[in-house]
Every structure is written in C-alpha cells, then in structure tokens.
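Here is the structure we will look at.
The values are calculated or read from the model by the stated rules, or taken from the named source; none is laboratory data. This is a predicted model, so every value here is computed, not measured. For neighbour counting, all protein chains shown are included, and Cβ atoms are generated from backbone atoms with ideal geometry for every residue, glycine included. Each accessible area value is taken on the protein alone, full model and side chains, heavy atoms only, with ligands, DNA and RNA left out. Shrake-Rupley method; radii C 1.70, N 1.55, O 1.52, S 1.80 Å.
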Amino acid sequence: RSRARVESQQITVEDVIRAGRTLFGPAFAIEAGVWRDALKATYRRRALETHPDRARALGRREADLVREFRAVADAYRVLSAVPAGRLPARAPARPAPRTAPPRPASRAAPAHGAEAGAARAAAPADPARAPTRPDAPRVRASVHPQDLPRRRLRFAEYLYYSGRVRWSELVEAIAWQRAQRPPIGRIAVELGYLAHDDVGVILERRRLAGANGIPFGEWAVRLGYLTPFQVLAILGQQLRSQRPIGQYFVERGLLGPDDIEAIRHRIVRHNVRFAG
C-alpha cells in the first residue's frame with residue numbers, strides 16, 4: 001500500500017480538527033466541508049506567513065517560524081488525506097490500565113554474544129524506527145519507477161515518494177536547509193550591490209507598504225535599489241551557500257554516506273523521462 005493510503009487510515013477526527021484549527025483558525029468546523037475548496041489556497045497563505053525566510057522581515061525568531069512552518073505543512077498533509085464525503089473515525093478510547101502480573105522469582109540470564117545476536121536477528125524489524133548511526137540507514141521496501149509521480153523530482157521529494165523518509169522528515173529537512181541560507185540583503189551587501197543602511201531602508205519601506213509578502217529581492221528591484229540581473233546573482237550565491245539537503249538525512253542516520261550518489265543517479269534517470 002502507498003504511504004498516503006496508510007496515513008489516511010490512521011487519521012482520526014481529532015487529528016483533522018487539530019489540523020483544521022492550525023490552518024483555518026479556531027472557528028474551523030469539520031462537518032461543514034467547505035474547507036476542502038479553500039484548502040490549497042489557505043495552505044499557501046499560511047506557509048508564506050510562517051516561512052522561516054521571513055523571520056527578519058516579520059521581526060520574529062527564526063526558530064519559532066520553523067516550528068510553525070512544520071505545523072502548517074503537517075496540518076495540510078492531514079487535511080489533504082481526508083477522503084471526500086467521509087469523515088475519519090474517532091480515536092478509540094484508551095483501555096483502563098491493568099496491573100502487571102507478578103514477575104517470577106527466577107529469571108533466565110540475559111543472552112550474550114552469539115545468542116544475543118541470534119535473538120536480534122530473529123526479532124521482527126520495526127520499519128518506523130529510525131537508526132541512530134549514519135552507517136545504518138533504514139531499510140524500506142523498494143519502489144518501482146512507475147509508482148513515482150510522473151514529473152521531475154528534487155532530492156528530498158524523491159526520498160519521500162520512494163519511501164526512504166517520512167513526510168515529517170521531508171518537511172524538517174526543507175526547514176533545516178532554508179534556515180541555513182544567508183539573507184538576501186546580507187549577500188547583496190557582501191557583493192557590493194547594496195550598502196548596509198540600504199537593507200534597513202528597503203525592509204522598512206516594504207513594511208510600511210504592507211508588502212511583507214513580496215520577496216526582498218523583488219521589492220528592492222521595484223524601489224530601484226537592485227536590477228533583476230543582480231537579484232539572480234544574489235539568489236545563485238544564496239543557493240551555493242546552503243548545505244546540500246542530503247547531508248541532513250546522513251547526519252540523522254536516515255541515509256548512509258554512500259547512498260547519496262546512488263540516489264542522485266536514480267533521480268537523474270527518473271527526471272530525464274520528463275525533461276520536456
């Protein structure tokens with residue numbers, strides 16, 4: 001079964017209500033159903049409002065925006081997985097705790113050496129448990145190329161759709177990479193395109209105009225501080241300054257160091273089919 005189908009079966013009414021309030025606010029009503037038509041537009045708006053790149057423009061801590069950005073993305077995943085015309089079931093009530101039976105007086109000695117290794121090998125694998133070492137990547141079922149989306153995929157997207165990482169890990173990786181990008185204004189100063197005081201003037205004029213949703217570079221072009229060519233050069237430098245997203249998965253033990261190049265080759269073979 002696909003990841004989307006598995007996750008939709010696990011979603012409860014309580015999950016949907018929490019997700020709806022994250023995206024639409026406390027007035028969200030699951031029974032109304034009108035939220036479905038506005039889901040994508042609301043998600044785009046909330047993702048823009050909570051994007052970590054806007055921390056300086058909004059005067060907020062980047063860590064807070066990263067947390068909210070993840071919550072918004074996860075809420076969208078939950079709501080988009082709810083089948084049309086059918087509400088998910090409520091979470092089952094938790095059974096009353098039972099008193100554990102008394103332990104026997106004598107216990108067998110714990111296994112060591114070869115016996116312990118045999119016991120671990122015989123135990124069923126837990127696919128949801130992530131390894132803790134970079135040299136022990138998780139094992140997932142192989143995915144046939146025809147099961148992947150019929151469009152070009154980036155590195156982290158390919159990992160998600162091929163079953164190597166979870167949705168939450170994909171969102172966290174994107175937020176991790178974006179948090180490392182130096183601000184465009186700082187790069188413009190380093191390249192000599194702007195003076196340091198110009199950055200503050202551009203940000204303030206954008207705030208007074210109520211245009212915080214417009215990217216810094218585009219707003220600077222409108223005000224005549226930068227040219228479109230300079231913005232392209234700045235964005236290129238910003239992209240080169242961030243760490244590769246694959247490093248996130250290696251550092252957390254989700255991929256082995258030798259996996260990166262092999263996965264890149266698979267992505268190239270997939271994307272070349274949709275080059276046109």
Hey, got a sec? Which GluC sites (Glu not before Pro) in region 11-62 land in a DSSP loop and have at most 11 other Cβ atoms within 10 Å? GLU31
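With a 1.4 Å probe and all protein chains in place, put HIS196, HIS51 in order of accessible area, largest first. Walk me through the intermediate numbers first.
Working: HIS196 135, HIS51 35 Å².
Order by accessible area, largest first: HIS196, HIS51.
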Could you work out what % of the accessible surface of region 176-276 is carbon and sulfur, using a 1.4 angstrom probe and leaving DNA, RNA and ligands out of the count? 54 percent
Through the Karplus equation 6.51 cos²θ - 1.76 cosθ + 1.60, θ set to phi - 60°, convert the phi angles of region 41-55 into ³J(HN,Hα) values in whole Hz; use x for Gly and Pro. 5, 5, 5, 4, 5, 5, 5, 5, 5, 10, 5, x, 5, 9, 4
Probe 1.4 Å, accessible area per residue of region 183-276, Å²: 58 Å²
Quick check: from the Cα gyration tensor, does region 227-276 come out rounded (a/c under 1.5), prolate or oblate? oblate
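Relative contact order for region 144-276: what percent, with Cα pairs under 8 Å and sequence separation of 6 or more?
Values: 91 pairs, mean separation 51.4, N = 133.
So the answer I get is 39 percent.
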